[in-house]
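The values are calculated or read from the model by the stated rules, or taken from the named source; none is laboratory data. Please read these numbers as outputs of a predicted model, since none were measured by experiment. FYI the Cβ positions are ideal-geometry reconstructions off the backbone, even for glycines, and counts take in every protein chain you see.
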Amino acid sequence: MSKKRATRPNIVLILADDLGFSDIGCYGSEIATPSLDRLAAEGVQFTQAYGCARCAPSQASILTGLYPHQAGIGHAAAHLGHPSYQGFLSDRCFTIAEILGEIGYRTLMAGNWQVGGSYDIRYPETWRPGDTFHPTPLTRGFEHFYGTLNGCGCYYRPYTLMDDDRFVELEEIEESGRYYYTDAVTDSAVGFVTEYAPYDEPLFLFVSYTAPHWPLQAPSDDIARYSRRYLRGWDELRAERHRSQVDRGVVDDRWGLSPRDESAPAWRKVKRPEWEARRMAVYAAQIDRMDRGIGKILSALETHSDYENTLVLFLSDNGASADDVPDDDSTRPLAPTGEEDRTQQAGVMPGGGDTCMSYGLPWANVSNTPFRRFKRRVHEGGISVPLIVSWPRQAGSARPGRMVHGPVHAIDIVPSCLEAASTSYPTERRGSPVQLPEGVSFLAGLRGDSWERGEPLFWEHEGNCAVRAGEWKLVRMDGGDWELYSMAEDRTELRDLRGERPAVAAELEKMWTAWAQRCRVLAWRRMAGRAAQQPSEPCTPPPDGLADGLLGRHS
């Protein structure tokens with residue numbers, strides 16, 4: 001290979017897991033995120049970006065440009081007996097890696113792969129990565145892969161960890177010394193850039209961090225940076241983040257800060273403030289560590305590639321999670337076989353590799369400032385995400401550090417990247433027609449041109465439904481009534497206008513119903529029982545001694 005500058009841009013797509021709308025500095029946070037803040041200062045910050053309410057559905061949309069049900073991930077990784085809910089990517093679509101690989105890109109992935117079926121921690125002998133029901137990155141267009149085939153797990157001994165088509169033994173992780181999954185994902189991404197960026201083929205690098213998804217686990221030095229910061233509590237912090245957002249222009253000062261969630265107590269009534277503050281400190285440390293890793297990736301790009309001709313996109317998959325872990329689910333595996341489970345012992349603080357905890361609803365309420373609700377819901381708190389895009393060569397005369405306030409969605413990532421690469425989405429796969437992307441390119445906003453979304457956006461997850469068209473959003477909880485909000489005047493969804501604007505609500509409901517029928521969305525009451533029978537997401541790895549397995553590569 002000759003070493004020469006590619007005309008097509010490198011494309012680096014970085015995804016965080018369960019990161020809330022306000023969790024990075026340029027979106028109002030007190031958490032140190034200088035790398036992401038720098039990226040925003042160099043490029044464009046989107047203030048009305050959306051995910052799909054949950055990790056796997058969002059990753060499906062990000063990789064295919066389709067709504068989750070069209071891609072086969074209408075719920076999560078479990079197969080619920082219907083093509084829209086099969087839990088792995090449909091063969092009636094392309095991934096962005098498959099498309100870019102065909103035009104000469106080196107396609108590389110580091111991190112978690114959540115669109116390849118489920119892996120039960122209790123029965124590793126049943127794992128079949130690479131078969132029809134368990135596609136891997138290598139079978140869906142990526143040339144190299146380092147990461148896990150699941151959405152979450154222990155950061156110190158992750159299960160389903162793979163290096164290309166080989167399972168990584170837990171003993172290998174332990175022998176490496178101070179293993180930490182976030183760092184390993186970063187190191188792999190940096191290694192890919194170092195090895196492949198100097199050559200003439202452009203790169204497509206997908207970095208899919210598990211951070212800051214629970215379990216709360218981080219190096220002690222990182223936790224120490226935040227050890228006292230959160231003793232002031234969630235009420236004060238929410239108000240502080242909201243003021244910062246208004247001052248920065250991230251949110252409109254006409255939108256009131258939503259009240260503290262009804263399930264969250266006032267901070268002054270908290271019985272264990274030290275423990276609660278520690279939970280948020282570990283969560284902040286996980287984000288801090290990820291941001292430093294992103295800084296290393298950006299530095300590698302500057303050193304080894306044409307950084308000016310590199311399109312970098314960073315976003316989260318959904319809003320922050322209110323999961324309460326440990327909960328009363330006695331089937332959830334909490335610790336490795338044969339090791340002591342300290343999670344539910346009195347007085348144990350989160351952070352160590354032998355614990356499995358989340359930061360809970362009240363802190364998630366902070367992360368989603370100024371919005372209501374959480375991951376899995378489709379009110380703004382569950383679907384609003386940070387999105388930062390930088391491509392110095394294409395910025396033109398546009399002022400760096402700008403904000404774009406029009407709505408964009410995970411389905412827009414593929415069309416935007418394909419426009420950057422000067423290619424299009426194929427219309428056939430193995431001689432059969434495929435579903436074409438639902439999204440649109442937002443690169444005009446990056447260049448400083450006028451850009452407004454023309455088409456409506458839709459959501460459904462676990463019976464939670466929404467449609468946004470222009471300034472109007474119609475939304476409902478599973479089993480609840482529709483609510484209507486003006487996104488121009490009230491994006492924090494505090495004043496339901498359905499009674500005042502029944503015609504608008506009726507038209508939006510009609511649009512949502514037509515979309516649901518077209519995308520084969522099923523009534524959640526039909527699927528909920530099947531989903532409840534699936535094993536819970538584990539925190540920790542399978543027993544030691546998992547045999548290495550080699551996978552056949554097939555397209």
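Give the stretch 275-309 a look and list any residue that's out of contact with any helix residue (DSSP H, G or I) (no Cβ under 7 Å at 6 or more places or on another chain), more than 13 Å from residue 351 (Cα to Cα) and either small (Gly, Ala, Ser) or at pLDDT below 95 (or both), or say none.
299, 306
Check 263, 220, 188, 258 and return the single one that is of a type in the set (S, T, N, Q) and closer than 17 Å to residue 31 by Cα.
Numbers: 263 fails: closer than 17 Å to residue 31 by Cα; 188 fails: closer than 17 Å to residue 31 by Cα; 258 fails: closer than 17 Å to residue 31 by Cα.
Answer to the check: 220.
With 446, 387, 418 as the choices, which residue is in a strand (DSSP E or B) and touching a residue at least 40 places away in the same chain (Cβ under 8 Å)?
Working: 446 fails: in a strand (DSSP E or B); 418 fails: in a strand (DSSP E or B).
Of 446, 387, 418, the one residue that is in a strand (DSSP E or B) and touching a residue at least 40 places away in the same chain (Cβ under 8 Å) is 387.
Out of everything in the stretch 463-489 that is out of contact with any Cys (no Cβ under 9 Å at 6 or more places or on another chain), assigned to a loop (DSSP other than H, G, I, E, B) and of a type in the set (Asp, Glu), what residue ends up being farthest from residue 439 (Cα to Cα)? Spell out the reasoning first.
Keep residues of the stretch 463-489 that are out of contact with any Cys (no Cβ under 9 Å at 6 or more places or on another chain), which gives 463-473, 479-481, 483-489.
From what is left, the residues that are assigned to a loop (DSSP other than H, G, I, E, B) are 463, 470-471, 479-481, 487-489.
Imposing the further condition that a residue be of a type in the set (Asp, Glu) reduces the set to 471, 481, 489.
On the way: 471: 18, 481: 28, 489: 25 Å.
So the residue we want is 481.
Quick grid of which residues meet (1) surrounded by fewer than 22 Cβ atoms within 10 Å (Cβ to Cβ); (2) closer than 29 Å to residue 80 by Cα; (3) touching a helix residue (DSSP H, G or I) at 6+ places or on another chain (Cβ under 8 Å); (4) of a type outside the set (A, V, I, L, M):
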position	(1), (2), (3), (4)
453	yes, no, no, yes
456	yes, yes, yes, yes
464	no, yes, yes, yes
471	yes, no, no, yes
482	yes, yes, yes, yes
494	yes, no, no, no
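As an exercise: evaluate residue 325 against (1) more than 25 Å from the chain's Cα centre (by Cα); (2) modelled with pLDDT under 95; (3) surrounded by 17 or more Cβ atoms within 10 Å (Cβ to Cβ); (4) farther than 27 Å from residue 389 by Cβ and give the number of the one condition it does not meet.
Among (1) more than 25 Å from the chain's Cα centre (by Cα); (2) modelled with pLDDT under 95; (3) surrounded by 17 or more Cβ atoms within 10 Å (Cβ to Cβ); (4) farther than 27 Å from residue 389 by Cβ, the lone unmet condition for residue 325 is (1).
Here's a check for you: in the stretch 375-399, which residue that is basic (Lys, Arg) and farther than 30 Å from residue 302 by Cβ is nearest to the chain's Cα centre (by Cα)? Spell out the reasoning first.
The first filter runs over the stretch 375-399 and keeps only residues basic (Lys, Arg), leaving 375-377, 393, 399.
Keeping just the survivors that are farther than 30 Å from residue 302 by Cβ gives 375-377.
Details: 375: 11, 376: 12, 377: 15 Å.
Filtering the stretch 375-399 for residues that are basic (Lys, Arg) and farther than 30 Å from residue 302 by Cβ, the one nearest to the chain's Cα centre (by Cα) comes out as 375.
List, please: which pairs have Cβ atoms under 6 Å, are six or more places apart or on different chains, and start with a residue in the stretch 91-119 that is on the phi > 0 side of the Ramachandran plot and end with one that is among the β-branched types (Val, Ile, Thr) and in a helix (DSSP H, G or I)?
Between residues of the stretch 91-119 that are on the phi > 0 side of the Ramachandran plot and residues that are among the β-branched types (Val, Ile, Thr) and in a helix (DSSP H, G or I), the close pairs are 111/185.
Would you point out which residue out of 392, 400, 333, 350 is farther than 21 Å from residue 61 by Cβ, modelled with pLDDT under 85 and not acidic (Asp, Glu)? If you could, list the steps in order and put the result at the bottom.
Numbers: 392 fails: modelled with pLDDT under 85; 400 fails: modelled with pLDDT under 85; 350 fails: modelled with pLDDT under 85.
Only one candidate qualifies: 333.
Among the residues of the stretch 378-417, which ones are buried (at least 24 other Cβ atoms within 10 Å of the Cβ) and charged (D, E, K, R)?
380, 412
Need at least 2 residues that are surrounded by 15 or more Cβ atoms within 10 Å (Cβ to Cβ) and in contact with a helix residue (DSSP H, G or I) (Cβ under 9 Å, 6 or more places away or on another chain) per element, so show me which helices (runs of 4 or more DSSP H) inside the stretch 150-237 make the cut, counting only ones lying wholly within it.
181-196, 220-224
Do we have any residue at all in the stretch 256-267 that's farther than 15 Å from residue 363 by Cβ, among the charged types (D, E, K, R) and crowded, with 16+ Cβ neighbours inside 10 Å?
No - not one qualifying residue is present in the stretch 256-267.
Collect the residues in the stretch 361-377 that are surrounded by fewer than 24 Cβ atoms within 10 Å (Cβ to Cβ) and either at pLDDT below 95 or assigned to a loop (DSSP other than H, G, I, E, B) (or both), keeping them in residue-number order.
The answer is 372, 376.
Inside the stretch 381-396, can you point out the residues that are in contact with a helix residue (DSSP H, G or I) (Cβ under 9 Å, 6 or more places away or on another chain) and of a type outside the set (A, V, I, L, M, F, W, C)?
381, 386, 390, 392, 393, 394, 396
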